[in-house]
Amino acid sequence: MIFTYENDSKERLDSYLTSVMTGMSRSHISGLIKKGKILLNNEQVKAGEKLEYGDVIEVFEEMPEDTEIIPEDIPLDIYYEDDDVIVVNKPKDMVVHPAPGHYTGTLVNALMYHCKDSLSGINGALRPGIVHRIDKDTTGLIIACKNDRAHASISKQLSEHSITRRYIALVYNNIKEDNGTVTGNIGRSDKDRKKMAVVRDTEGRHAVTHYRVLERFGDITMVECALETGRTHQIRVHMSHIGHPLLGDDVYGIKKDKFDGNGQYLHAAVLGFVHPTTGEYIELRAELPEYFKKTVDKLRAAN
């Protein structure tokens, strides 16, 4: 369930939802907010957070009370691990955390088996250790935290946009310039509320994506995108907005995409962060997955 706040008055989040969600008490809504089942602009906030025009509120469907998240022995491609954090190279088709329709096979199920009880609890029982997400079809590096202190540190770095996140993507059309920057607020699309879009400066959330060309294949370009901010579907939305949608993107891409079936060609290749205990800057890089490499090889051979 999605709501867009379209008032100029700065109303409390819980008060606003009480007025628009009939049948739900304010205390119940506050409980959902604490559980992380209500997000404001894709971030977990407090019930008293003041809303601003254009804010997007997502209310996630409640799972049955007896839903139990089971640890599963799913292999993990671990790039870094210590007592505070674990960095995993997530494969395609893996959902990050349990949600309606995805109770098993998620990264959380795998982390619960591997880390046992050593996962932070800030984001609740359904998202232990999870600080940020990447899409189901996006591959690459994601960090999880093993205790609340580490979680608070990494979460702060994410909110301050100090974490390094660079993605490799294949996009349609030739990008003539070697590099560039896309700046445009991202919010819910007026045409389709299930999609995000670049919206007016008075709406949505500020978003900045930097890109540079890595290789050109005629009417397809391989780029590296660096996130200055981290909004929902940011790279997919920004690149589509400037006329370069991602290959295989069935939401923001082109119709009758011959690459459709693999999901969007987007890989979280580089992740850099300051270690919550040592203060050391750690930067990791994950190679492209095999399906991505094969497509690149075919494009090179054809050009």
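The values are calculated or read from the model by the stated rules, or taken from the named source; none is laboratory data. Quantities reported herein were computed from a predicted structural model and do not represent experimental measurements. Positions of Cβ are backbone-derived with ideal geometry, glycine not excepted, and every protein chain shown enters the neighbour counts. Only protein heavy atoms, including side chains, enter the accessible area calculation; ligands, DNA and RNA are left aside. Shrake-Rupley method; radii C 1.70, N 1.55, O 1.52, S 1.80 Å.
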What is the list of residues in segment 241-276 whose amide nitrogen lies under 20 Å from a point 7 angstrom out from the Cα of Glu81, following Cα to Cβ?
271-273, 275-276
Spacing of the two label points (7 Å from each Cα toward its C-beta) at Arg12 and His28, in nm
1.9 nm
Taking 18 Å as the cut-off for C-alpha to C-alpha distance, list the pairs among Lys90/Lys136; Lys92/Lys191; Lys258/Lys298; Lys37/Lys191; Lys46/Lys146 that go past it.
Lys92/Lys191; Lys37/Lys191; Lys46/Lys146
Can you list the equivalent-ellipsoid semi-axes of the chain, largest first and in whole Å, using the square root of 5 times each Cα gyration tensor eigenvalue?
31, 25, 18
Considering only protein heavy atoms and a 1.4 Å probe, what is the carbon-and-sulfur percentage of the accessible area of segment 258-303?
49 percent
From the P(r) of segment 110-250, can you give the percent of Cα pairs sitting at distances over 22 Å?
47 percent
Not counting ligands, DNA or RNA, and with a 1.4 Å probe, what is Arg205's accessible surface area in Å² rounded to the nearest 10?
80 Å²
Return the Cα extents of segment 137-216 along principal axes one, two and three, sorted largest first, each rounded to a whole Å.
44, 34, 24
What does the helix-only formula give at 222 nm for the chain: each DSSP H stretch with n ≥ 4 adding -39500 (n - 2.57), the total divided by the residues, and the result rounded to the nearest 500 deg cm²/dmol?
-5500 deg cm²/dmol
Starting from 0.36 nm per residue, how many nanometres of slack lie between Ile242 and Asn303 once their C-alpha separation is accounted for?
19.6 nm
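Give me the Kirkwood hydrodynamic radius of segment 13-53 in Å, from all C-alpha pairs, to one decimal place?
By the Kirkwood definition, the hydrodynamic radius is 10.2 Å.
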I want to check the label-to-label distance for Lys46 and Lys293. Put each point 7 Å from Cα in the C-beta direction and report it in nm to one decimal.
4.9 nm
In Å, descending, principal axis extents of the Cα set of segment 193-264:
37, 27, 17
What does the accessible area per residue of the chain come to in Å², with a 1.4 Å probe and no ligands, DNA or RNA counted?
49 Å²
Extension gain, Lys136 back to Arg149 (0.36 nm per residue minus Cα-Cα distance, nm)
1.9 nm
Length added when fully stretched, Lys255-Lys156, from 0.36 nm per residue minus Cα-Cα
31.7 nm
Based on DSSP, what percent of beta bridges with both residues in the chain are antiparallel, to the nearest 5?
95 percent
The relative contact order of segment 68-114, taking Cα pairs under 8 Å that sit 6 or more residues apart, comes to a percentage of 46 percent
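Considering only protein heavy atoms and a 1.4 Å probe, what is the carbon-and-sulfur percentage of the accessible area of segment 107-181?
Carbon and sulfur together cover 45 percent of it.
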Measuring from label point to label point, each 7 Å out along Cα→Cβ, what is the Ser19 to Asp93 span in nm?
4.7 nm
Given 291-297, 270-276, the highest-first ranking by average Cβ count within 10 Å works out to 270-276, 291-297
